[in-house]
1. Filter the range 161-171 for residues that are loosely packed, with under 14 Cβ neighbours inside 10 Å and near the ligand (Cβ under 7 Å from one of its atoms); which is modelled with the lowest pLDDT?
2. Could you tell me whether Asn106 is exposed (fewer than 13 other Cβ atoms within 10 Å of the Cβ), farther than 22 Å from Tyr13 by Cα and either within 16 Å of the ligand (Cβ to nearest atom) or of a type outside the set (Asp, Glu) (or both)?
3. Can you name every residue in the range 5-48 that is exposed (fewer than 11 other Cβ atoms within 10 Å of the Cβ), free of Cβ contacts under 8 Å to residues at least 24 places away in the same chain and either under 30 Å from Gly118 (Cα atoms) or touching a Ser or Thr at 6+ places or on another chain (Cβ under 6 Å) (or both)?
4. Six or more apart or on different chains, Cβ under 6 Å: which pairs go from a residue in the range 75-104 that's in the same structural domain as Gly118 (by TED's automatic domain parsing) to one that's acidic (Asp, Glu)? Could you list them?
5. Specify the residue that is farthest from the ligand (Cβ to nearest atom); the eligible residues are those in the range 123-160 that are at pLDDT below 75 and not aromatic (Phe, Trp, Tyr).
Amino acid sequence: MELYLTEKVRLGYRTGELIRMAAFALLGVIIAASVFEVDLEFDLGSVLAELFMLSMGVLCIWKGTLGPVRRQSASRLAHRLAECFFASPEPEISFDQLSRAIGGKNVERKVRHMIQKGYLENISLDTPNKRIMLTAFNKVAQKEQYETVTCPHCGGENVIRPGWASSCQYCGSKLI
Ligand SMILES: [Zn+2]
């Protein structure tokens, strides 16, 4: 499964990341709140200055917290997709199959986004034929009888048979 995941994929926040997020959020609130401490004069200059401070505060919160949050949801999606790729008995998987496996529509757009953002590798989109080519398919013994997978929801380790529907023994989430 790691065959399809890049180093960028990481489940769970690191402590440093959480501290950074909290620090940025706090700093953003302090900057934004500074607007309300100054005397409100309604000339253009001070209104612009206040708007500037307000947007800097919002920007600070946004830049400091959204990145790690997005990375988490992208990592979870990348894991689910990689599990599907790994479980595929053939070196290709159709958009329909993938759509059924992970649920939801627009799998093509999701997969393209995952590739562009550097979360998935060793796959290529074959849009005209509505499928994804698994370019690293033959690099490993893909058809091993059993495989240990980490649950994308609770992180529990499960031994499953690739290609067979199974659910997490700890939290009951669908694994494939
Ligand atoms: Zn689980």
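1. That would be Tyr170.
2. Yes: the conditions hold for Asn106.
3. Hits for the range 5-48 are Glu7, Arg14, Thr15, Gly16.
4. Within 6 Å, the pairs are Phe95/Glu108.
5. Asn138
The values are calculated or read from the model by the stated rules, or taken from the named source; none is laboratory data. Predicted model, so just to flag it, every value in this text is computed and none were measured. Counting neighbours? That spans all protein chains shown, and the Cβs are built from the backbone with ideal geometry, glycine included.
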